[in-house]
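One structure is given below, encoded as structure tokens.
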Amino acid sequence: MQSDNEKMLQEIVQNTEMGKNTLDELMSLTHDQKLRDEMLRQKREYRRINQAAHTALDAIGAEAHGQSAAVRMSVSMGIRTRTMMDKSTRNLATMLAEGSGQGVLDCKRAER
């Protein structure tokens, strides 16, 4: 049975992986250098948090369970759908904000 700490760490691993993967995909769609710089900063932070969660899981003898291929594919399709007609900085920034907010909510749910 997973402890509350392990559940939270697994959620952090999955959400930071989703953040990194999403940022990779969105960076390829923008020509706005300021937005790209911010995406790179966020990606570094997601990587740092992801590595810390992996280390914490290792310390409690648990194995990290990242995103499934199905989830990655679903997210990728959603990004392509939402950016097909609108690759504007505003739309990409909105998508980033929504994704970050959803990640926080997911972690808060795992906390309970």
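The reciprocal of the average 1/r between distinct C-alpha atoms defines the Kirkwood hydrodynamic radius, which for the chain equals 14.8 Å. Basic side chains Lys and Arg get +1 at the Cβ, acidic Asp and Glu get -1 at the Cβ, and with that the dipole of region 4-111 about its Cα centre reaches some 440 debye.
Take every pair of alpha-carbon atoms less than 8 Å apart whose residues are at least six positions apart; their mean separation over the length of region 4-111 yields a relative contact order of 47 percent.
Lysine pairs in the chain whose alpha-carbon atoms fall under 24 angstrom of each other, counting only those eight or more residues apart or on distinct chains, come to 11. Here the residues His65, His31, His54, ranked from fewest to most Cβ neighbours within 10 Å of their Cβ, fall in the order His31, His65, His54.
Here the sum of -39500 (n - 2.57) over DSSP H runs of 4 or more residues, divided by the residues of the chain, equals -28000 deg cm²/dmol at 222 nm, to the nearest 500. Fully extending the segment from Leu40 to Lys7, taken as 0.36 nm per residue of separation minus the present Cα-Cα distance, adds 9.1 nm.
Read-outs: derived from the displayed coordinates by stated rules, not from any lab. Please read these numbers as outputs of a predicted model, since none were measured by experiment. FYI the Cβ positions are ideal-geometry reconstructions off the backbone, even for glycines, and counts take in every protein chain you see.
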